[in-house]
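A quick write-up on the structure given underneath.
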Amino acid sequence: MATPAPTAMIRTQVDLPLRFADGYATDARVFTFDGLVDGREHLAFALGDRTAPCQARGRRTAPLIRPHSECLTGDVFGSQRCDCGPQLREAVERIADAGGYLLYLRQEGRGIGLYSKLEAYALQDTGVDTYEANVALGHGEDERSYVAAAQMLHALGASRVALLSNNPDKARQLRGWGVSVVEQVPTGVHVSDANIRYLETKVRRGEHALDLALVTSRTR
Ligand SMILES: [Zn+2]
């Protein structure tokens, strides 16, 4: 049953040329919002030609979107404990190719915050998995909400989307907030020695549709 997400409005928009550490560059238009229910400063990056998404290929008829949850350690510092950095880099290029939006959501550590995430890492070093560690710290296994993501999509006029994600909870929640997910597009798998246990746990506990046998070559 879909509940309409509360209305948010575009607050400002500005061009932002992007260049990544590996030299990949693309132009983005970044949007901020008024009225997001959690009061956080989430961003939407419009990438590629989102007015005519993939029509040249005659396939996708809705913009490709990805809600990416902030991961300071992975996104900025290249931490090998997770796959967030390569996931973000892949998403930007694939969305720029297809036309759509990357939603950068300020919900670190599956919603528990940066300090708690690092405490959960310390616990994981004693043998518990990433979900058990969150629970041991008094948090839910995954506290992320995608209501703000839905609000942003509605404000952008993108209420019908192709979703770039392996996480069934994102599709479930977005649909619940009135976003029509017409297609779910899997991301690549970015495995390293340091994150293999984390990825296996996401598959086992989080129902992520990752095929760990299909290791892509995108990992550094
Ligand atoms: Zn991460």
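The values are calculated or read from the model by the stated rules, or taken from the named source; none is laboratory data. Since the structure is predicted, the reported quantities are computational estimates derived from the model, not experimental observations. All Cβ positions, glycine included, derive from the backbone under ideal geometry; neighbour counts span all protein chains shown. These accessible areas exclude ligands, DNA and RNA; they are computed on the full protein's heavy atoms, side chains included. Shrake-Rupley method; radii C 1.70, N 1.55, O 1.52, S 1.80 Å.
Would you call residue 72 surrounded by fewer than 20 Cβ atoms within 10 Å (Cβ to Cβ), touching a residue at least 24 places away in the same chain (Cβ under 8 Å) and either more than 14 Å from the ligand (Cβ to nearest atom) or under 25 Å from residue 137 (Cα atoms) (or both)?
yes
Can you tell me which condition residue 158 does not meet? The list is (1) surrounded by fewer than 18 Cβ atoms within 10 Å (Cβ to Cβ); (2) modelled with pLDDT of 90 or more; (3) in a loop (DSSP other than H, G, I, E, B); (4) of a type in the set (Gly, Ala, Ser), and all the others hold.
Every condition holds for residue 158 apart from (1).
For the stretch 90-109, give me each residue that is open to solvent by 30 Å² or more (accessible area, probe 1.4 Å), over 13 Å from residue 45 (Cβ atoms) and within 14 Å of the ligand (Cβ to nearest atom).
106
Return the residue satisfying two criteria in turn: it lies in the stretch 32-52 and is part of a strand (DSSP E or B) and more than 15 Å from residue 92 (Cβ to Cβ), and of such residues it is most open to solvent (accessible area, probe 1.4 Å). Show your work before the answer.
The initial filter retains those residues of the stretch 32-52 that are part of a strand (DSSP E or B), namely 32-34, 43-47.
The next check asks that each one be more than 15 Å from residue 92 (Cβ to Cβ); those that pass are 32-34.
Numbers: 32: 38, 33: 20, 34: 74 Å².
It comes out as 34.
How about the stretch 50-83: which of its residues are at pLDDT 90 or above and under 26 Å from residue 154 (Cβ atoms)?
62, 63, 64, 65, 66, 67, 68, 69, 70, 71, 75
Check the stretch 123-135 and report whether any residue there is closer than 17 Å to residue 167 by Cβ and outside any helix (DSSP H, G or I).
Within the stretch 123-135, one or more residues are closer than 17 Å to residue 167 by Cβ and outside any helix (DSSP H, G or I).
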